[in-house]
Amino acid sequence: MNWKKVVAILLVLSACNNKPEPKVYLSNSEKVFRINKQQLFGAKQNILEFYEINQFTTVWQDSTNRSDLISAIIDSQYDGVLPEKYPLGKLMYSHQHYNELNPSEIAKTDILFTENFFRIANQLASGKVNPKKLYGDWEPYIPEIDFVDLLQNNLQNKSIYESLENSKPKGTLYTKYKKAFEKYVPIISKDTLSQEGFLRKKVWINLERAKWLQPDLGESYVWINLPEYRLQLVENGKTVETHKVIIGKKERKTPILSSSFSGIIINPKWTVPPTILKNDVVPKASANRGYFASNRLTIFDKKSGKQVDPENWNPANYSAYRYVQQTGKLNSLGQIKFDFPNAHMVYLHDTNNKLRFAENQRALSSGCVRVEHPFDLAESIFKIEGVSILRNEIDTLVNREKTKNIKLNKKVNVHQVYFTAIIDSTGNIQLYNDVYSLDNRLYKRLIQ
């Protein structure tokens, strides 16, 4: 047989045996789509960073991840979040019809899910409102969470819901407020006139504030809730001392912050702070130079350090001087001062006018907190710190009006807080006066 005919027959037989493979069609859930960078125009930095890591491709193909995010947003109402403020309709439609969407719609859906993951994660972790921006003199605790890394890992592990649960505050105080708030879920109306509506508003406001507080308050700490006008010393979870306090007046608010005691000064000198200098000392001393002597204030030139006679004082250049009040019972700080690092130049201290502790409304100071029976508090802090100084030694220093600076090792924290609704161990709610009129400003932001 001709070899050419043999080859031809073999080729025909081969073609019959090799039937074409059937074409496989992948659903959208099984594909990865490109995201056009123009679709990310105006997006926040964390979103751009996230998609850059993922080479600008879609990541929400898995229906479990999409479903988990939607469920987490709905369940966030128990944490004081309003789910209706999120685009749940769009998220649910895109989730249910994912395999029917075209590539452009898939990309938009992906960005939408990513945006709302970051939004709900941040709101659950540290609240809807940034108090620093709202109030100015409020130093919130900001948890160190890398939300980009969080999303990346939990998309791969299919643990979106769990990751959002874990990002919520862990403190016992937050847990108390959350439990109290659960009875008001779902929030059907914005009613604040009825008793239930008013209580819901108060608990909601303070639940949000609990998100701004560090979860670990410390083994030993001083807790000063400004609306209560009260200081508590807490050791191992138990209140061991309670003191009345005087806080800043409304126009000179005591700032909200957390720190640790760094030192206690017995018989402190007082250097007049900028606000009091500008608003009080300069106007009064300008009208009467005898003001300095009657208030035991000494003027020093900042450059030379030399003492300045009140008659040579130049009120037009008042900031060129330092104004110091000498130690003693008449000192504005009293006879003891508690220092802790902070950006507001505030501290705790004694007072030369103890009669004012008898008043019920005690927003009277220029910003610092005045403490009743401060030497009792100092003695307890010394014990916690392991400072070996006896009470009779302190009394001797006080009587001699001799200044002594005792350094501490920051074992005792201090928390200046603002809660207008306190929940006790039985779940009862105790309301306090909104001294600085801060509640309504926050409430308006929460319902937006």
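With respect to the numbered conditions (1) open to solvent by less than 10 Å² (accessible area, probe 1.4 Å); (2) over 32 Å from the mean Cα position of the chain (by Cα), which one is the sole condition not fulfilled by Ser63?
(1)
Taking only region 376-409 into account, find how many residues are among the charged types (D, E, K, R), open to solvent by 60 Å² or more (accessible area, probe 1.4 Å) and under 17 Å from Tyr221 (Cβ atoms).
Qualifying residue count, region 376-409: 2.
Phe41 - would you say it is hydrophobic (A, V, I, L, M, F, W, C), over 26 Å from the mean Cα position of the chain (by Cα) and on the phi > 0 side of the Ramachandran plot?
The answer is no for Phe41.
For region 276-292, does any single residue satisfy the condition of being out of contact with any Asp or Glu (no Cβ under 8 Å at 6 or more places or on another chain), acidic (Asp, Glu), more than 18 Å from Lys337 (Cβ to Cβ) and open to solvent by 60 Å² or more (accessible area, probe 1.4 Å)?
Taking every residue of region 276-292 in turn, none turns out to be out of contact with any Asp or Glu (no Cβ under 8 Å at 6 or more places or on another chain), acidic (Asp, Glu), more than 18 Å from Lys337 (Cβ to Cβ) and open to solvent by 60 Å² or more (accessible area, probe 1.4 Å).
Among the residues of region 225-263, write down those that are closer than 20 Å to Gln430 by Cβ and charged (D, E, K, R).
Listed by number, the residues that qualify are Glu228, Arg230, Lys238, Glu241, Lys244.
Can you tell me which residues in region 316-334 are farther than 15 Å from Trp270 by Cα and open to solvent by 40 Å² or more (accessible area, probe 1.4 Å)?
Ala316, Asn317, Tyr318, Ser319
This table checks each residue for (1) assigned to a loop (DSSP other than H, G, I, E, B); (2) at pLDDT 95 or above; (3) farther than 22 Å from Leu173 by Cα.
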site	(1), (2), (3)
Val387	yes, no, yes
Asp395	no, no, yes
Lys410	yes, no, yes
Thr426	yes, no, no
Val435	yes, yes, no
Leu442	no, yes, no
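For region 113-121, check the following and say yes or no: at least one residue is within 20 Å of Ser71 (Cβ to Cβ) and among the basic types (Lys, Arg).
The answer is yes, given that some residue of region 113-121 is within 20 Å of Ser71 (Cβ to Cβ) and among the basic types (Lys, Arg).
Being more than 17 Å from the chain's Cα centre (by Cα) and either loosely packed, with under 13 Cβ neighbours inside 10 Å or not aliphatic (A, V, I, L, M) (or both) is the requirement here; does Asn130 meet it?
Spelling it out, it is not the case that Asn130 is more than 17 Å from the chain's Cα centre (by Cα) and either loosely packed, with under 13 Cβ neighbours inside 10 Å or not aliphatic (A, V, I, L, M) (or both).
Considering region 425-438 alone, what residues qualify as being touching a Ser or Thr at 6+ places or on another chain (Cβ under 6 Å) and either under 23 Å from Tyr78 (Cα atoms) or open to solvent by less than 60 Å² (accessible area, probe 1.4 Å) (or both)?
Asp434
Could you check how many residues of region 199-218 are farther than 19 Å from Arg445 by Cβ and among the small types (Gly, Ala, Ser)?
The qualifying residues number 1.
Give me the pairs: first residue in region 91-113 and touching a residue at least 40 places away in the same chain (Cβ under 8 Å), second residue part of a helix (DSSP H, G or I) and open to solvent by 70 Å² or more (accessible area, probe 1.4 Å), beta-carbon distance under 9 Å, and six or more apart or on different chains, which are they?
Leu101/Lys108; Thr109/Lys90
Within region 82-94, can one find any residue that is in a helix (DSSP H, G or I), at pLDDT 95 or above, polar (S, T, N, Q) and open to solvent by 10 Å² or more (accessible area, probe 1.4 Å)?
For region 82-94, residues in a helix (DSSP H, G or I), at pLDDT 95 or above, polar (S, T, N, Q) and open to solvent by 10 Å² or more (accessible area, probe 1.4 Å): present.
Picking from Ala358, Ala363, which residue would you name as being open to solvent by less than 40 Å² (accessible area, probe 1.4 Å) and closer than 27 Å to Gly328 by Cα?
Ala363
Mind checking which pairs have a first residue in region 227-248 that is on the phi > 0 side of the Ramachandran plot and free of Cβ contacts under 8 Å to residues at least 60 places away in the same chain and a second that is open to solvent by 70 Å² or more (accessible area, probe 1.4 Å) and not small (Gly, Ala, Ser), Cβ under 7 Å, 6 or more apart or different chains?
Asn236/Glu219
Confirm whether Ile336 is modelled with pLDDT of 95 or more and within 39 Å of the chain's Cα centre (by Cα).
Yes, satisfied.
Checking Ser104 against (1) of a type outside the set (D, E, K, R); (2) over 20 Å from the mean Cα position of the chain (by Cα); (3) closer than 28 Å to Pro186 by Cα: exactly one of these is not met. Which one?
(3)
Mind checking whether some residue in region 392-401 is touching a residue at least 60 places away in the same chain (Cβ under 8 Å) and in contact with a Gly (Cβ under 8 Å, 6 or more places away or on another chain)?
Yes, because at least one residue in region 392-401 is touching a residue at least 60 places away in the same chain (Cβ under 8 Å) and in contact with a Gly (Cβ under 8 Å, 6 or more places away or on another chain).
Looking only at region 366-375, which residues are of a type outside the set (Asp, Glu) and either open to solvent by less than 10 Å² (accessible area, probe 1.4 Å) or at pLDDT 95 or above (or both)?
Gly367, Cys368, Val369, Arg370, Val371, His373, Pro374, Phe375
Here is a list: Asp146, Asp79. Which entry is open to solvent by less than 30 Å² (accessible area, probe 1.4 Å), at pLDDT 95 or above and either on the phi > 0 side of the Ramachandran plot or acidic (Asp, Glu) (or both)?
None of the others qualify; the one that does is Asp79.
Just name the residue that is most open to solvent (accessible area, probe 1.4 Å) out of those in region 172-204 that are within 23 Å of the chain's Cα centre (by Cα) and either free of Cβ contacts under 8 Å to residues at least 24 places away in the same chain or under 13 Å from Val417 (Cβ atoms) (or both).
It comes out as Thr172.
Give the residues of region 412-424 that are open to solvent by less than 20 Å² (accessible area, probe 1.4 Å) and either part of a strand (DSSP E or B) or of a type in the set (Phe, Trp, Tyr) (or both), sorted by residue number.
Of everything in region 412-424, those that are open to solvent by less than 20 Å² (accessible area, probe 1.4 Å) and either part of a strand (DSSP E or B) or of a type in the set (Phe, Trp, Tyr) (or both) turn out to be Val414, His415, Gln416, Val417, Tyr418, Phe419, Ala421, Ile423.
The values are calculated or read from the model by the stated rules, or taken from the named source; none is laboratory data. No experiment lies behind these values; they were computed from the predicted model shown. Glycine gets a Cβ as well: all are built from the backbone with ideal geometry, and neighbour counts include every protein chain shown. Keep in mind that these areas ignore ligands, DNA and RNA; they rest on the heavy atoms of the full protein, side chains included. Shrake-Rupley method; radii C 1.70, N 1.55, O 1.52, S 1.80 Å.
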